[in-house]
Amino acid sequence: MRIARNILTALVLLGLASHAALAERPADIARQHHEAEAGGIISDFREFLSIPNVASNVSDMMDNAAFIEAYIGRRGFTSKVVSAGGAPYVVAERPGSDDAPTVLVYAHFDGQPVIPGQWSSPPFEPTLWTDNPLKADAKILSWDQEAFDPSWRVVARSAGDDKAPVIALMAAIDALVAADKMPDVTVKLILDGEEERGSPTLAGVLDQIAGDLVADVMLFCDGPMHQSGRRQLVLGVRGSMTVDLTTFGPNRPLHSGHYGNWAPNPNEILMRLLLSLKDDEGRVVVEGYSDDVRAISAREVTAVAAMPSVDAQMKHELGLGNNEIPGERLESAIMRTAIVVRGISGGGVGPEARNIIEPTAQASLNLRLVPGQKPEALLAALKAHFEKMGMTVSANGPSAGAAREHHLQMVPRPGGYRSFRTSIDANVVGDLKVILDRLGDQETLITPTMGGSLPIYLFEDNLDAPIVILPVANHDNNQHGRDENLRLKNLFDAIEMYAEVLVGLSDEP
């Protein structure tokens with residue numbers, strides 16, 4: 001009997017120890033913290049979102065940088081603001097011991113321009129909604145709440161893209177410090193004030209401070225989560241560049257009745273040029289455009305196949321009957337190179353329509369690059385393509401005496417950059433998957449690339465550290481558009497994720 005009692009006592013003690021170990025998990029510590037401090041965390045988020053942040057307004061961006069420096073300074077970070085002729089960047093460090101591993105975190109704090117009249121609530125007056133404001137039954141709530149439903153949304157510019165990581169990471173550090181569980185790890189930050197403009201001065205900033213960013217791993221904290229809601233570890237982004245096109249017709253507006261069928265119409269010239277770029281399924285057919293595309297590996301194909309399919313869900317959500325290539329899943333489509341016509345202008349429509357042939361028409365192309373492609377090669381391929389169609393292509397308007405209808409003005413905007421993709425076989429991928437899998441009962445998705453773009457290639461060129469992307473925003477956050485939002489659960493989940501990652505990447509057991 002004594003032996004049996006001893007065994008029972010040992011089992012009870014072992015059970016208590018296991019329970020204590022569970023209670024010490026970083027995600028549990030973070031959850032207890034954000035449940036107790038939700039009001040304060042959300043208040044900090046509201047204050048940050050209230051500062052206008054269009055990158056072209058450097059004064060506003062300096063206000064954002066000042067907020068960040070004060071906010072992270074209270075968490076033990078030393079920081080400095082760096083500029084290379086554009087918007088500010090904030091570079092900061094919270095040191096561990098001399099031998100501690102170093103985690104470098106990137107996020108950006110600028111946002112896309114806004115058209116306030118299109119928003120359901122003011123873009124720089126953060127508003128609490130029951131759901132995505134684009135849904136008919138969504139309602140505005142008071143901020144005076146005893147408890148916050150995780151399904152509610154904070155609506156403001158940059159709520160989803162990309163101010164949340166700063167708030168969530170600091171809350172995770174607060175939680176670990178309060179529980180005396182902050183690991184021995186050095187945390188470095190580089191916070192970008194001009195990402196939405198293509199980070200045009202980032203190269204100059206890195207020339208100044210690349211030595212301050214030495215790290216063992218770099219985490220890019222931007223982008224939406226998978227449409228299924230599953231956690232994902234993203235390994236790459238497409239590159240991006242913008243090209244503006246202008247076609248020409250008569251040198252003054254002409255009455256469309258008197259001159260229609262006779263005067264070349266720049267709108268119609270532009271449409272023919274745009275339609276020539278892709279086939280009926282959206283595949284780019286420009287000669288030479290895809291010559292340098294790197295083949296997708298077998299493991300990447302397998303990773304995509306292992307992801308839950310969201311195509312039926314997204315078609316229903318978006319009111320679509322099908323996608324461009326029937327049967328091609330979304331995750332495969334965004335691994336292809338793309339030319340997106342993002343805007344066309346050639347005269348008024350609706351009540352502003354007039355019976356005239358305009359002198360010019362314009363289009364803006366967004367080019368999305370995949371591994372292997374370089375911006376200069378794509379520009380050369382486009383120029384050759386348009387020249388084969390009989391156009392004279394230059395960065396300027398037609399010269400005096402030239403036939404205007406045969407001239408195409410093609411102007412690339414500054415800030416174009418190539419794509420980036422970490423190898424799916426890299427050790428850091430397996431290590432982070434193990435860490436993230438501790439957060440729930442579903443496996444973390446390994447996503448070879450997201451469809452959007454980030455200037456990661458510059459860090460690849462300047463730093464010797466593996467780079468991966470940890471997205472936190474809900475997929476329906478209306479990114480870049482009106483009523484941008486973040487679901488509160490995504491903010492809370494990010495706090496738990498950062499706590500787990502900081503401890504997991506440290507040398508502590």
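Below is a table of values for the structure above.
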| read-out | value |
| --- | --- |
| Residues Thr444, Thr201, Thr78 arranged by fewest to most Cβ contacts within 10 Å | Thr78, Thr444, Thr201 |
| Dipole magnitude of the range 384-455, debye to nearest 20 (Cβ charges: Lys/Arg +1, Asp/Glu -1, about Cα centre) | 400 debye |
| Estimated dipole of the chain in Debye, rounded to 20 [Cβ of Lys and Arg +1, of Asp and Glu -1, Cα centre] | 1060 debye |
| Distance-filtered residues of the range 412-435 - backbone nitrogen under 18 Å, label point 7 angstrom along Asn396 Cα→Cβ | 412 |
| Cα long-axis angle, helix 488-505 against the chain (0 to 90 degrees, to the nearest 10) | 60 degrees |
| Net charge over other residues, Cβ less than 12 angstrom from the Cβ of Ser297 (K, R count +1; D, E count -1) | +1 |
| Centre separation in Å (Cα based) which lies between the range 464-509 and the range 248-300 | 39 Å |
| Selected from Ser228, Val217, Gly204, residue furthest toward positive end of dipole (the range 163-258; charges at beta carbon) | Ser228 |
| 0 to 90° range, to nearest 10: angle between helix 266-275 axis and the chain longest Cα axis | 50 degrees |
| Cα-based helix-to-principal-axis angle, 2-23 vs the chain, degrees rounded to 10 | 30 degrees |
| Exposure proxy order (Cβ contacts within 10 Å, fewest to most) of Thr449, Thr247 | Thr449, Thr247 |
| Sequence of Asp476, Asp244, Asp483, Asp99 once ranked by neighbouring C-beta atoms within 10 Å, starting from the fewest | Asp99, Asp244, Asp476, Asp483 |
| Set of lysines near Lys278 by C-alpha distance (under 25 Å), chain-local residues within fewer than 8 positions excluded | Lys315, Lys374, Lys383, Lys388 |
| Local electrostatic count, Arg283, Cβ distance below 14 Å [Lys/Arg +1, Asp/Glu -1] | -3 |
| Surrounding net charge for Ala171, when Lys and Arg each add one and Asp and Glu each subtract one, Cβ distance under 10 Å | -3 |
| Cα-based reach from Lys489 at 19 Å (exclusive), listing lysines while leaving out same-chain residues under 8 positions away | Lys135, Lys139, Lys163 |
| Sum of -39500 (n - 2.57) over DSSP H runs of 4+, divided by residues of the chain (222 nm, nearest 500) | -10000 deg cm²/dmol |
| Those lysines that a straight Cα-Cα span of less than 16 Å connects to Lys188, excepting residues fewer than 8 apart in one chain | Lys80 |
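Taken together, the values in this text are just the output of simple stated rules run on the coordinates, not laboratory data. All values reported here derive from a predicted model rather than from experimental measurement. Cβ: placed from backbone, ideal geometry, glycine included. Neighbour counts: every protein chain shown.
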